[in-house]
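Student: If you scroll down you'll find the structure; I have some questions about it.
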Amino acid sequence: MRTDEKSLPDPWHFGRPELAKAYLHAFDLKLSAARGLFARRRMGKTEFLRRDLMPAAVEHGYLTAYTNLWDNRTSPETALVAALGEALEPKGAAAMLSKLRVPVKKVKASAKIPGGVEGSLEAELGKVGVDRTAALHEVLKQLDRTKKPLLLVIDEAQVLAGADHSDFAHALRAALDIRKDRIKVIFAGSSETTLRAMFARASEPFFNWAPLEPFPLLGDEFVAFTVKLLNSMARQKLTLEQGMRAFDELHRTPEFFKRFIERYMLYQPQGDVAALAYTKASVFSDEHSLTQWHKLKPADRAILYLLARGESDLHSSATLEKLSTMLGKPATRNTTAHALRRLLADNVVTRLAMGDYRIEDEAFAEWIRKRQEPAPE
Ligand SMILES: Nc1ncnc2c1ncn2[C@@H]1O[C@H](COP(=O)(O)OP(=O)(O)O)[C@@H](O)[C@H]1O
Ligand SMILES: [Mg+2]
């Protein structure tokens, strides 16, 4: 989607050509036709996929299709088929539309506007009564004709794990399995728990489809690159040590680090300490966190409060006692279990291992860490 956005060069983008090459090389070796990668939000997955991996794949002779299912939570099916449709030449897309019984006149009109076919494809697919599984087969048939390899990137793929998408997910898996030689798939996601569940449960359509691995995080080289670029424009230079310290204090989160750099650049006379303090205050105490906090049930807040402070055994009697005090009424194992179930379902919390939980969004975790104990309601 939004090809304009991905083709605009961004001087601040730290390219990772080696990593992109490694993924493509693994596909060339035909060891597997799909990979799953996960990392927390704001760590650079999407930027890598769109700015490094997909352009490298195009250079490598691939057609590419990208979809972010989080942005299309209500209809991931439509988003996926539309993304595949965008990989088609206008002629193929028009053929597909006509199969979906869109009046030919409409197809012709939209085909003249650049991007028109894709736009109308998504609109048509979104209509009530459209059989998206049939549309999926149709678009894949059109793609077969191109005889080109295709890289399909499914970002925030965990959305497909929802039970209401199960039929489509089964169809997708079957259709892509028979095209393994030509269609390679990257699944990316922020919720390790849900991704793992998707790929590990024998009853799930995604069972054993792709090996899951952590996405290699941005580190010192990214900081060095950014500091260097900043210094080529700034009057007051930032040292690498100052940059590294800021990166660490922002929990090695690329997005927050970029905000720090921007603040530093705009307020150079104030120096790095002030820029860091400002950035921390703004990212770790968002309005957003407060809104999110207020939407939660008291038990959920209490659990998050404990998790943010590194409480590991949520089911211990000591923890239950703390919970009871916080809630102002006796807490049981059920209190914890229900709260965790809600927090997991909403992707607020991730299960790392049996009984080991983590708050998904580091900014939110830090914000909670700074809060007073939640009062009972
Ligand atoms: N390779 C990179 N070079 C420069 N900045 C990056 C890079 N990757 C991520 N960032 C910064 O971090 C932000 C969040 O990255 P994003 O890819 O959206 O994370 P994710 O998809 O993991 O949530 C980007 O908007 C950008 O500011
Ligand atoms: Mg992303």
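The values are calculated or read from the model by the stated rules, or taken from the named source; none is laboratory data. Source: prediction; values computed, not measured. Note that we place each Cβ from the backbone using ideal geometry, even for glycine, and neighbour counts take in every protein chain shown. Heavy atoms of the whole protein, side chains included, go into the accessibility calculation; ligands, DNA and RNA do not. Shrake-Rupley method; radii C 1.70, N 1.55, O 1.52, S 1.80 Å.
Student: Just to check your reading of the model, which residue among 277, 308, 337 is surrounded by fewer than 20 Cβ atoms within 10 Å (Cβ to Cβ) and in contact with an Asp or Glu (Cβ under 9 Å, 6 or more places away or on another chain)?
Tutor: Residue meeting the stated conditions: 308.
Student: Right, another one. Are any residues in segment 340-377 of a type in the set (S, T, N, Q) and open to solvent by 40 Å² or more (accessible area, probe 1.4 Å), and if so, which ones?
Tutor: Passing the criteria: only 372.
Student: Could you please find all residues in segment 294-305 being surrounded by fewer than 17 Cβ atoms within 10 Å (Cβ to Cβ) and in contact with a Lys or Arg (Cβ under 8 Å, 6 or more places away or on another chain)?
Tutor: 297
Student: Kindly provide the set of residues from segment 54-77 that are more than 14 Å from ligand 1 (Cβ to nearest atom) and open to solvent by 10 Å² or more (accessible area, probe 1.4 Å), ordered by number.
Tutor: Scanning segment 54-77 gives 58, 59, 60, 61, 62, 63, 64, 72, 73, 74, 75, 77.
Student: For segment 230-245, give me each residue that is open to solvent by 40 Å² or more (accessible area, probe 1.4 Å) and either more than 24 Å from residue 39 (Cα to Cα) or in a loop (DSSP other than H, G, I, E, B) (or both). Write out each step before concluding.
Tutor: Going residue by residue through segment 230-245, those that are open to solvent by 40 Å² or more (accessible area, probe 1.4 Å) are 232-233, 235-237, 239-242, 244-245.
The answer is 232, 233, 235, 236, 237, 239, 240, 241, 242.
Student: Provide a single number: the residues in segment 188-222 that are open to solvent by less than 20 Å² (accessible area, probe 1.4 Å) and charged (D, E, K, R).
Tutor: Summing the residues that are open to solvent by less than 20 Å² (accessible area, probe 1.4 Å) and charged (D, E, K, R) in segment 188-222 gives 0.
Student: Here's something else I'd like to know. I'm told residue 23 meets every condition in (1) outside any helix (DSSP H, G or I); (2) among the aromatic types (Phe, Trp, Tyr); (3) in contact with a Lys or Arg (Cβ under 9 Å, 6 or more places away or on another chain) except one. Can you identify the failing condition by its number?
Tutor: The single condition residue 23 does not satisfy is (1).
Student: Filter segment 138-176 down to the residues that are acidic (Asp, Glu) and more than 16 Å from ligand 1 (Cβ to nearest atom) and list them by number.
Tutor: Hits for segment 138-176 are 138, 144, 164, 167.
Student: Another question, if that's okay. Restricting the first residue to segment 169-197 and requiring it to be assigned by TED's automatic domain parsing to the domain that holds residue 154 and closer than 18 Å to residue 75 by Cα, which pairs with a second residue that is more than 16 Å from ligand 2 (Cβ to nearest atom) and β-branched (Val, Ile, Thr) meet a Cβ separation below 7 Å and a spacing of at least six or different chains?
Tutor: 171/133
Student: Give all pairs with beta carbons closer than 6 Å in which a residue from segment 74-102 that is in contact (Cβ under 8 Å) with a residue 12 or more places away in the chain and more than 14 Å from residue 138 (Cβ to Cβ) meets a residue that is assigned to a helix (DSSP H, G or I) and open to solvent by less than 10 Å² (accessible area, probe 1.4 Å); count only pairs at least 6 apart in sequence or on separate chains.
Tutor: Sorted first by the residue in segment 74-102, then by its partner, the pairs are 76/69; 76/160; 90/117.
Student: Just give me the residues in segment 133-170 being open to solvent by 60 Å² or more (accessible area, probe 1.4 Å) and farther than 22 Å from residue 24 by Cα, in sequence order.
Tutor: Once the filter is applied, which keeps residues that are open to solvent by 60 Å² or more (accessible area, probe 1.4 Å) and farther than 22 Å from residue 24 by Cα, segment 133-170 yields 137, 141, 145, 163, 164, 167, 170.
Student: Now, a different point. Restricting to segment 172-190, what's the tally of residues that are out of contact with any Lys or Arg (no Cβ under 9 Å at 6 or more places or on another chain) and in a loop (DSSP other than H, G, I, E, B)?
Tutor: Count: 2.
Student: Taking residue 51 as the residue in question, decide whether it is more than 17 Å from the chain's Cα centre (by Cα), within 16 Å of ligand 2 (Cβ to nearest atom) and surrounded by 20 or more Cβ atoms within 10 Å (Cβ to Cβ).
Tutor: No.
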